[in-house]
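Participant: Please find one structure pasted underneath; my questions will follow.
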Amino acid sequence: IADIKGGPDEGLDWVGQTLVVMGWVRTLRAQSSVTFVEVNDGSCLSNMQCVMTSDAEGYDQVESGLITTGASVRIQGTVVASHGSKQKVELKVNKIVSVGKSDPSFPIQKKRVSREFLRTKAHLRPRTNTFGAVARIVKEQGEQFCVTTLVPSSREAAESPVDAIPKTKDGLIDWSQDFFGKPAFLTVSGQLNAETYATALSDVYTFGPTFRAENSNTSRHLAEFWMIEPELAFADLNDDMACATAYLQYVVRHILDNCKEDMDFFNTWIENGIIDRLSAVAERDFVQLTYTDAVELLLKANKTFEFPVKWGCDLQSEHERYLTEEAFGGCPVIVRDYPKEIKAFYMRQNDDGKTVAAMDMLVPRVGELIGGSQREERLEYLEGRLDDLKLSRDSYWWYLDLRRYGSVPHAGFGLGFERLVQFATGVENIRDAIPFPRTPGSAEF
Ligand code: 4AD
Ligand code: MG
């Protein structure tokens, strides 16, 4: 919508074009022969006024009350000049599709609601004008947005068992049992909070510190690390993998183009040949394969692993490195569709009932650089998964609300920033990729 309405002609240069708008219904007004649907996609303050007559495909979904305030929709139409005084152009609807309906209890209806009230709905307030605008100003100023580091309870307790090794209470670092009277914890990931913004503003990202009580003394684990977490709305696992690939290639290309002197230094003193290897990564297609195929490859490998492989096991660093370094000659590898038992509760179940739409990007020397997934956007599946894992629906009430009011297919990933630095510079130990490494027994500075 920003692309259309943000130009000098306020959209008049788009007249005659057919396009698709995906977003959330702000208001619906039915008049005798036409219905006006105001749609916002978070790209700008303005809504797209979509004008619909009864001959539009999908009109029955409006008539039957499936599409209401708060619902998510996909609308195809033609840009026409508007007779109204509020906007230069509007969309004449050819087709409207309900993506996610909104429960009638949607708390942010048209009437003005107080800021105090909205603070109690912090997961939905990005869908209001004020909070959308605040987020866009933050983005313009800093290009950096960190959701939060302090959270009330466990977020990803059902993360893979490997991540859940010795941690303190609830799988998180115990910040304080008494944070102004309530316990609070340091977050393991900004994802769930970022989802509240993606389901209001479309594509977003958060970049901030995250914490894991990792007691593993390895060259790729820190207790405090920074994570870049994009979250894409109206997106599936393929979109997610494409975004992750494009992102890594962009960063690598940028470093090679803009940091020549330092890269020559790394090439000579730290990792011989790193420039050539990074150049190849920036150019080539990444390998994609399913977890099931990856397991097959590992079973066939002429190699003894410390951890034996079988379907259902989590891939260990040695397996990940074998795949990217040996099986595919140094090419980054994206493994997808992992068994649901070893992945987090929020990942979208595949039709086979056994796997989820998860992906990990593996790169040479580092192993897992990126972990991501398509999120479960179907309320009843998500609730079922919480029940299976004996996680309380109550503590995820706000996360479930995102599926109750205008749910959309969405996907995202987390990229460990220090692992990226490790990969891009060749430094062997992740402790040398961050100013003050926090690892077991090391926090004296
Ligand atoms: O695979 P992880 O645990 O994924 C998540 O936390 C998701 N919630 C991300 C998302 O989908 N938004 O972590 C993501 C990445 C890993 O691939 C790895 O690069 C890095 O974070 N990472 C660590 N880096 C350093 N030290 C650790 N202890 C790390 N644990 C994960
Ligand atoms: Mg992971």
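Participant: For segment 54-148, which fully contained helices (runs of 4 or more DSSP H) count at least 1 residues that are of a type in the set (V, I, T) and surrounded by fewer than 17 Cβ atoms within 10 Å (Cβ to Cβ)? Before the answer, list the steps.
Facilitator: On the way: elements: 59-63, 115-119, 129-142.
Passing ranges, in order: 129-142.
Participant: Among what's in segment 18-37 and is surrounded by fewer than 18 Cβ atoms within 10 Å (Cβ to Cβ) and among the hydroxyl-bearing types (S, T, Y), pick the residue that is nearest to V80 (Cα to Cα).
Facilitator: T18
Participant: Let me ask another. Among the residues of segment 2-17, is any closer than 22 Å to Q109 by Cα, crowded, with 22+ Cβ neighbours inside 10 Å and in contact (Cβ under 8 Å) with a residue 24 or more places away in the chain?
Facilitator: If we filter segment 2-17 for residues that are closer than 22 Å to Q109 by Cα, which is where we start, we get none.
Within segment 2-17, not a single residue is closer than 22 Å to Q109 by Cα, crowded, with 22+ Cβ neighbours inside 10 Å and in contact (Cβ under 8 Å) with a residue 24 or more places away in the chain.
Participant: Which ones in segment 381-412 are in a loop (DSSP other than H, G, I, E, B) and either at negative phi or of a type in the set (D, E, K, R) (or both)? Before you say what the answer is, go through the steps one by one.
Facilitator: First, the residues of segment 381-412 that are in a loop (DSSP other than H, G, I, E, B): 389-393, 406-409.
Passing the criteria: L389, K390, L391, S392, R393, S407, V408, P409.
Participant: Hey, another quick one. Out of S317, S395, report the one residue that is modelled with pLDDT under 95, away from ligand 1 (no atom under 16 Å from the Cβ), among the hydroxyl-bearing types (S, T, Y) and surrounded by fewer than 20 Cβ atoms within 10 Å (Cβ to Cβ). Outline the logic, then answer.
Facilitator: Values: S317 fails: away from ligand 1 (no atom under 16 Å from the Cβ).
S395 is the lone residue from the list that is modelled with pLDDT under 95, away from ligand 1 (no atom under 16 Å from the Cβ), among the hydroxyl-bearing types (S, T, Y) and surrounded by fewer than 20 Cβ atoms within 10 Å (Cβ to Cβ).
Participant: Shifting gears a bit: Is there any pair with a first residue in segment 35-46 that is on the phi > 0 side of the Ramachandran plot and a second that is in a loop (DSSP other than H, G, I, E, B) and among the acidic types (D, E) whose Cβ atoms are under 9 Å apart and which are 6 or more apart or on different chains, and what are they?
Facilitator: These pairs meet every condition: G42/D203.
Participant: Another question about this same structure. Just to be sure, is V356 in a helix (DSSP H, G or I), surrounded by 15 or more Cβ atoms within 10 Å (Cβ to Cβ), of a type in the set (V, I, T) and within 16 Å of ligand 1 (Cβ to nearest atom)? It would help to see each step written out before you state the result.
Facilitator: Details: in a helix (DSSP H, G or I): no; surrounded by 15 or more Cβ atoms within 10 Å (Cβ to Cβ): yes; of a type in the set (V, I, T): yes; within 16 Å of ligand 1 (Cβ to nearest atom): yes.
No: the conditions fail for V356.
Participant: Next up: Among the residues of segment 406-418, are any of a type in the set (D, E, K, R) and surrounded by fewer than 18 Cβ atoms within 10 Å (Cβ to Cβ)? Step through it out loud before you land on a result.
Facilitator: So the first thing to find is which residues in segment 406-418 are of a type in the set (D, E, K, R), and the list is 418.
Subset that is surrounded by fewer than 18 Cβ atoms within 10 Å (Cβ to Cβ): none.
For segment 406-418, residues of a type in the set (D, E, K, R) and surrounded by fewer than 18 Cβ atoms within 10 Å (Cβ to Cβ): absent.
Participant: Are there any pairs with C-beta distances below 8 angstrom linking a residue in segment 178-193 that is assigned to a strand (DSSP E or B) to a residue that is at pLDDT below 85 and crowded, with 22+ Cβ neighbours inside 10 Å, with the two at least 6 apart or on different chains, and if so which?
Facilitator: If the second residue must be at pLDDT below 85 and crowded, with 22+ Cβ neighbours inside 10 Å, the pairs left are F185/L172; L186/L172.
Participant: Does any residue of segment 413-434 turn out to be under 30 Å from P104 (Cα atoms) and either under 22 Å from the mean Cα position of the chain (by Cα) or assigned to a strand (DSSP E or B) (or both)? Walk me through how you get there before you give the answer.
Facilitator: Taking segment 413-434 as the starting set, the residues that turn out to be under 30 Å from P104 (Cα atoms) are none.
Among the residues of segment 413-434, not one is under 30 Å from P104 (Cα atoms) and either under 22 Å from the mean Cα position of the chain (by Cα) or assigned to a strand (DSSP E or B) (or both), which makes the answer no.
The values are calculated or read from the model by the stated rules, or taken from the named source; none is laboratory data. Because the structure is predicted, anything quoted here is derived from the model rather than measured. A quick note on method: Cβ atoms are made from the backbone with ideal geometry, for glycine too, and the neighbour counts reach across all protein chains shown.
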